[in-house]
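Chemist: There's a structure below that I have some questions on.
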Amino acid sequence: MSARTGAALVGRDKMLADLTDWIAPSVGGRGRAVLLQGEAGVGKSALIEAVAARLAEAGSRVVRAWCSAAGMPPYWPWRRALAPVAPGLS
């Protein structure tokens with residue numbers, strides 16, 4: 001367990017387990033997606049990093065996307081995230 005998935009997730013065991021269970025079928029090739037939303041600073045990034053770490057340990061290829069500023073082209077975070085696994089999308 002990395003430092004990122006340890007103390008940063010105090011009180012998030014149930015949510016981490018639920019997200020891990022939801023996304024687990026993707027390891028076997030079944031598509032899944034998760035959208036986390038919430039106020040800044042509530043731990044969304046730490047939670048999704050913990051889920052991504054679990055999936056990577058199980059052999060999944062993990063890609064991430066995020067928005068950092070307004071005015072980006074349409075679907076910019078998704079195009080960036082999917083470029084390594086689907087180069088023709090850009």
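Chemist: Taking the stretch 35-51 on its own, how many of its residues are of a type in the set (Val, Ile, Thr) and in contact with a helix residue (DSSP H, G or I) (Cβ under 6 Å, 6 or more places away or on another chain)?
Modeler: Residues in the stretch 35-51 being of a type in the set (Val, Ile, Thr) and in contact with a helix residue (DSSP H, G or I) (Cβ under 6 Å, 6 or more places away or on another chain): 1 in total.
Chemist: Sticking with this one: So, in the stretch 52-90, how many residues would count as being out of contact with any helix residue (DSSP H, G or I) (no Cβ under 9 Å at 6 or more places or on another chain), at pLDDT below 80, in a helix (DSSP H, G or I) and not aliphatic (A, V, I, L, M)?
Modeler: Qualifying residue count for the region: 5.
Chemist: Exactly one condition in (1) open to solvent by 60 Å² or more (accessible area, probe 1.4 Å); (2) outside any loop (DSSP other than H, G, I, E, B); (3) more than 18 Å from residue 84 (Cβ to Cβ); (4) of a type in the set (Val, Ile, Thr) is false for residue 23; which is it?
Modeler: Of everything listed in (1) open to solvent by 60 Å² or more (accessible area, probe 1.4 Å); (2) outside any loop (DSSP other than H, G, I, E, B); (3) more than 18 Å from residue 84 (Cβ to Cβ); (4) of a type in the set (Val, Ile, Thr), residue 23 misses just condition (1).
Chemist: Now for a different question. Quick check on the stretch 48-90: of everything there that is in contact with a Ser or Thr (Cβ under 9 Å, 6 or more places away or on another chain) and aliphatic (A, V, I, L, M), which residue is most open to solvent (accessible area, probe 1.4 Å)?
Modeler: Looking at residues that are in contact with a Ser or Thr (Cβ under 9 Å, 6 or more places away or on another chain) and aliphatic (A, V, I, L, M), I get 82.
Chemist: Identify all residues within the stretch 26-43 that are open to solvent by 60 Å² or more (accessible area, probe 1.4 Å) and assigned to a helix (DSSP H, G or I); write none if there are none.
Modeler: 27, 28
Chemist: Okay, next question. Looking at the stretch 1-15, which of its residues are more than 13 Å from residue 45 (Cβ to Cβ), at pLDDT 75 or above and open to solvent by less than 100 Å² (accessible area, probe 1.4 Å)?
Modeler: Listed by number, the residues that qualify are 11, 15.
The values are calculated or read from the model by the stated rules, or taken from the named source; none is laboratory data. Note that the coordinates shown come from a computational prediction; the quantities given were computed from them, not determined experimentally. Quick reminder, even Gly has a Cβ in these numbers, built from the backbone with ideal geometry, and neighbours come from all protein chains shown. Note: accessible area is taken over every heavy atom of the protein model, side chains too, but ligands, DNA and RNA are not part of it. Shrake-Rupley method; radii C 1.70, N 1.55, O 1.52, S 1.80 Å.
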